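Below is one structure, written out as structure tokens; comments come after it.
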Protein chains: 2
Amino acid sequence: MLGKLILPDYESLIENKEWQALRDAFSELDAPDLAEILEDLPADKMAILFRLMPRDQASAAFEYLPIDQQTQLVQTLAGEQLAAILNEMAPDDRTRLFEELPAEVTKRILSTLSPSELRIARQLLGYPENSAGRFMTPEYMAIRPTMTAAEALGYIRVHGKDRETLNVVYVTDEKGRLLEDLKLASLVLADPGAKVSELSERELVSIPATMDREDVVKLFEKYDRVALPVTDTRGVLLGIITGDDVLDIATQEATEDIQKLGGMEALDAPYLDIGLLQMIKKRGVWLAVLFVGEMFTATAMSHYEHEIARAVVLALFVPLIISSGGNSGSQATSLIIRSLALGELNLRDWWRVAVKEILSGIALGSLLGCIGLTRILLWPTRNTVYGPHFLVIAITVAISLVGVVTFGTVAGSMLPFLLRRLGLDPATASAPAVATLVDVTGLVIYFSVASVVLKGILL
Amino acid sequence: MLGKLILPDYESLIENKEWQALRDAFSELDAPDLAEILEDLPADKMAILFRLMPRDQASAAFEYLPIDQQTQLVQTLAGEQLAAILNEMAPDDRTRLFEELPAEVTKRILSTLSPSELRIARQLLGYPENSAGRFMTPEYMAIRPTMTAAEALGYIRVHGKDRETLNVVYVTDEKGRLLEDLKLASLVLADPGAKVSELSERELVSIPATMDREDVVKLFEKYDRVALPVTDTRGVLLGIITGDDVLDIATQEATEDIQKLGGMEALDAPYLDIGLLQMIKKRGVWLAVLFVGEMFTATAMSHYEHEIARAVVLALFVPLIISSGGNSGSQATSLIIRSLALGELNLRDWWRVAVKEILSGIALGSLLGCIGLTRILLWPTRNTVYGPHFLVIAITVAISLVGVVTFGTVAGSMLPFLLRRLGLDPATASAPAVATLVDVTGLVIYFSVASVVLKGILL
């Protein structure tokens, strides 16, 4: 917010090369605000401003930049400044940056890290993508169970300076196995002579390094902790994941699901930052796939060409009927995809959902059927528009709506389950994909009903 | 996870009235696991189990239950147990519970609170719905700037027991105005004789009590803090908001947006917990509104009845063309709604988006047009299905696709901006709503193109 208000000032200062004024302006700003200012500048100006900043400030601001702008900036920075920044980044943030970079750039950059930093980066990079291991930081504070509270506080005072967080400290045995975690507050509140091993007051919750990030979010939601430890299969403490990273993960997961639900590949970058061509590619692929699927509607319709020729009035209701199926399918699929993502629903719940959706579908279809029936029967010009047989037409439309909406609801709700069962991402069952599926089937339902109801009358 | 595995055991223990065995089983469990077990039980068994628990455990587990099950349980509990639980709940959680209850029940329950608890509940309830005031807890730890680090730690040791969090402590003046916030870790790491006023190492970020919860999430994302203070217009500290609550808010916001985007009212409860009738209502209202909108397709089609009668082949491509418009609109609207929600886009960006979307729309429409053209021209039975004029038909379809997809893309991206400009929720521009809008226009575009291209040939 701050950045937005004073932005024009910065751009003109850069254009007029008023370096000293810029340096003065920086000195009053904190890292998140600096990052926000940088973020809104065009790439070339961002790089200039960045080189102008004192090294400490530059490193701090860099950590607050979105990942795609970090990537951009990294490729323009010279060796020395780059090394300084990377060495000061938190290991988990650095790992995420490396993931986004082209392999060539990653290699060049890894060579700028100090040996100990390099070891950490390599270690974090070894875990599967989107696993807990990728998001942990090894900068935690470990203490021993045999210490007293006072000894532990003294130890933290000496060794705690560079840790990502001290809000929670970790009690480990001599083999590095995690015994329990302890709030710093508990140490402060405790009797100074009390043993650390006696202070634990809550269940130990730990995350396996291979756990998927979606499940990590669920654990944080369940336990309301500010940080959780990551362990290997032997229970050895590898690192910790902090709440602020989990908030970022949850937001990113939701964004990806919304974009997939809208019928495209996840963009992985803010709207204004992504190039036009890349965006067209991410949307075009799915649009083309859906288009090819939707072509079956033309094939289905061509089977009924004869019926349409005899009763053109049938064609009038095609968009109404198929879109109602698509809409009810879109509702069902968004509902189920989100419930699966939040863990409110599991695979084994599919039949409970199926029962509920069949009942909902029949009820919703009947509702729309009644509205449709009323609309046709009460339309002032029904005789001229729909012809003398408007009553049977209305009945055909109403019956078809019940069938199509029920099918849409059931298909939209079951497709995400099916995808998860097959080990795929349920969010691939986008609203447009369900609509396409329902469109083809909806046409078949509609013309089948018509051929029965209108037989001998119009057909 | 734990709860799911041992659940059958619990149900049978209750059925067999093995109270002692149940009590023994509880004693080994922590509050979040107990809550998970309770959550999965039918309502009557949940109430039985809950009454059986020791009071402390019951209160702790209650706080971890989802809001709708808290509501259910509260209405079955007797006065004394209820009072105990409510008095031990964190004030912000209690406020959220009150919001969900029918007014009658709220009144009855407020009477069970102790006077000081009642004061807190009333205070929190006074802020507008979804504002920061509703989510804050007044259980923060305040210290004075004149204390030394050692004095502050001593003060916290005496007064810090019941605070929601001690990870951050708040420095206030004698009038209660917030001066700065300080990590507990900074106090621990500091030289014991250092003054509190000298320890601040970061920018003070505070939240106005009336700030919308969506903006609160953005502040947490920007500053990566575990807690942020809430102040009134004079800068007086009212309470704090903690990171775990913000994670819940972010998740809930995303769920609501996904459900709205799917074309329904937000459900406000997990899928399996919501009653069939209530769900039908939440979906039926929007489905009916969309249906009425979609009726214009029948009206639009009836204007072209004459053209369809002369060239039935035109009707075959109606679903293909309108659904392509709907799909491209759905992509654009999901993209823009999420970007607006995340603050990546602002109202004033509308024209940059419009330019990008017009270009995307033309490109994507041309892509689909080419696929459509190829499909018709290469179809083996093109002469029998589409008639002798398949080439002009193919051209009509291709041109219409460019127009319809471009319109869908632009309409889908601009509608969320328009809604926000009018002060409405952009997420109301659901994918189905955009599809409906595009369907009607798409028909007009298609038949207009047809009447120009096919004039003198088929029409």
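Of A:VAL230, A:VAL217, all but one fail to be more than 12 Å from chain B (Cβ to nearest Cβ) and aliphatic (A, V, I, L, M); the exception is A:VAL230. Counting only residues that are out of contact with any helix residue (DSSP H, G or I) (no Cβ under 8 Å at 6 or more places or on another chain) and closer than 30 Å to B:ALA61 by Cβ, the stretch A:240-268 holds 2 of them. Does A:ARG202 satisfy the condition of being within 11 Å of chain B (Cβ to nearest Cβ), more than 30 Å from A:LEU290 (Cβ to Cβ) and free of Cβ contacts under 8 Å to residues at least 24 places away in the same chain? Yes, satisfied. In this structure, does A:PHE26 turn out to be surrounded by fewer than 20 Cβ atoms within 10 Å (Cβ to Cβ) and either of a type in the set (Lys, Arg) or in contact with a Leu (Cβ under 8 Å, 6 or more places away or on another chain) (or both)? Yes; evaluated as a whole, the condition is true for this residue. The criterion of being more than 9 Å from every other protein chain (Cβ to nearest Cβ), among the polar types (S, T, N, Q) and within 39 Å of the chain's Cα centre (by Cα) does not hold for A:SER323. When B:ALA332, B:ALA300 are checked against the criterion of being more than 7 Å from chain A (Cβ to nearest Cβ) and under 30 Å from A:ILE67 (Cβ atoms), a single residue qualifies: B:ALA332.
If the condition is being surrounded by fewer than 20 Cβ atoms within 10 Å (Cβ to Cβ) and outside any helix (DSSP H, G or I), then the stretch A:51-88 contributes A:PRO54, A:PRO66, A:GLN75, A:THR76, A:ALA78. Quick one: would you say A:GLN252 is closer than 21 Å to A:THR71 by Cα and either among the aromatic types (Phe, Trp, Tyr) or part of a helix (DSSP H, G or I) (or both)? Here the answer is yes, as A:GLN252 does meet what is asked.
In the stretch B:181-208, of all residues being touching a Pro at 6+ places or on another chain (Cβ under 7 Å) and among the small types (Gly, Ala, Ser), the one that is surrounded by the fewest Cβ atoms within 10 Å (Cβ to Cβ) corresponds to B:SER197. For the residues B:LEU166, B:LEU178, the requirement of being touching a Pro at 6+ places or on another chain (Cβ under 6 Å) and closer than 30 Å to B:THR251 by Cα singles out B:LEU178.
Going by what's in this entry, would A:TYR446 be described as at pLDDT below 95, over 34 Å from the mean Cα position of the chain (by Cα), in the same structural domain as A:GLN331 (by TED's automatic domain parsing) and aromatic (Phe, Trp, Tyr)? Judged against the criteria, A:TYR446 is not a match. Of all the listed residues (A:LEU364, A:LEU458), the sole one being touching a Lys or Arg at 6+ places or on another chain (Cβ under 9 Å), among the hydrophobic types (A, V, I, L, M, F, W, C) and not assigned by TED's automatic domain parsing to the domain that holds A:ALA311 is A:LEU458.
Yes/no matrix, rows are residues, columns are (1) of a type in the set (D, E, K, R); (2) without any contact (Cβ under 8 Å) to a residue 12 or more places away in the chain:
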position: A:THR112; (1), (2): no, no
position: A:GLU117; (1), (2): yes, no
position: A:GLN123; (1), (2): no, no
position: A:GLU139; (1), (2): yes, no
position: A:ARG157; (1), (2): yes, yes
position: A:GLY160; (1), (2): no, no
position: A:VAL168; (1), (2): no, no
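Got at least one residue in the stretch A:414-426 being within 19 Å of A:GLY325 (Cβ to Cβ), in the same structural domain as A:ARG352 (by TED's automatic domain parsing) and among the acidic types (Asp, Glu)? No, the stretch A:414-426 has no match at all. Selection of the stretch A:263-291 for residues being within 7 Å of another protein chain (Cβ to nearest Cβ) and surrounded by fewer than 15 Cβ atoms within 10 Å (Cβ to Cβ) yields A:LEU272, A:LEU276.
Look at the stretch B:233-262 and say how many of its residues are among the small types (Gly, Ala, Ser) and either at the interface with chain A (Cβ under 7 Å from one of its Cβ atoms) or within 30 Å of A:SER324 (Cβ to Cβ) (or both). Looking only at that region, the number is 4.
How about the stretch B:125-155: which of its residues are surrounded by 15 or more Cβ atoms within 10 Å (Cβ to Cβ), hydroxyl-bearing (Ser, Thr, Tyr) and more than 17 Å from B:ALA185 (Cα to Cα)?
Passing the criteria: B:TYR127, B:SER131, B:THR137.
Taken as a whole, the stretch A:227-235 holds at least one residue that is surrounded by 15 or more Cβ atoms within 10 Å (Cβ to Cβ), farther than 12 Å from A:ALA132 by Cβ, modelled with pLDDT of 90 or more and in contact with a Ser or Thr (Cβ under 7 Å, 6 or more places away or on another chain).
Residue-by-condition table, conditions (1) closer than 19 Å to B:ASP173 by Cβ; (2) part of a helix (DSSP H, G or I):
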{"residue": "B:GLU214", "(1), (2)": "no, yes"}
{"residue": "B:LYS222", "(1), (2)": "no, yes"}
{"residue": "B:ARG225", "(1), (2)": "no, no"}
{"residue": "B:PRO229", "(1), (2)": "yes, no"}
{"residue": "B:THR233", "(1), (2)": "yes, no"}
{"residue": "B:ILE241", "(1), (2)": "no, no"}
{"residue": "B:ASP244", "(1), (2)": "no, yes"}
{"residue": "B:ASP248", "(1), (2)": "no, yes"}
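Taken together, A:LEU347, A:LEU367 contain a single residue that is within 7 Å of another protein chain (Cβ to nearest Cβ), out of contact with any Ser or Thr (no Cβ under 9 Å at 6 or more places or on another chain) and not acidic (Asp, Glu), which is A:LEU367. Would you confirm whether or not the stretch A:160-177 contains a residue that is within 9 Å of chain B (Cβ to nearest Cβ) and assigned to a helix (DSSP H, G or I)? Within the stretch A:160-177, none of the residues are within 9 Å of chain B (Cβ to nearest Cβ) and assigned to a helix (DSSP H, G or I).
Taking the stretch B:397-413 as the range and being farther than 13 Å from B:LEU320 by Cα and among the polar types (S, T, N, Q) as the test, the residues that pass are B:THR406, B:THR409, B:SER413.
Residues in the stretch B:100-118 that are modelled with pLDDT of 70 or more, exposed (fewer than 12 other Cβ atoms within 10 Å of the Cβ) and not in a loop (DSSP other than H, G, I, E, B): 2 in all.
The values are calculated or read from the model by the stated rules, or taken from the named source; none is laboratory data. Computed from a predicted structure; not experimentally measured. Every residue, glycine among them, receives a Cβ derived from its backbone with ideal geometry; neighbour counts consider all protein chains shown.
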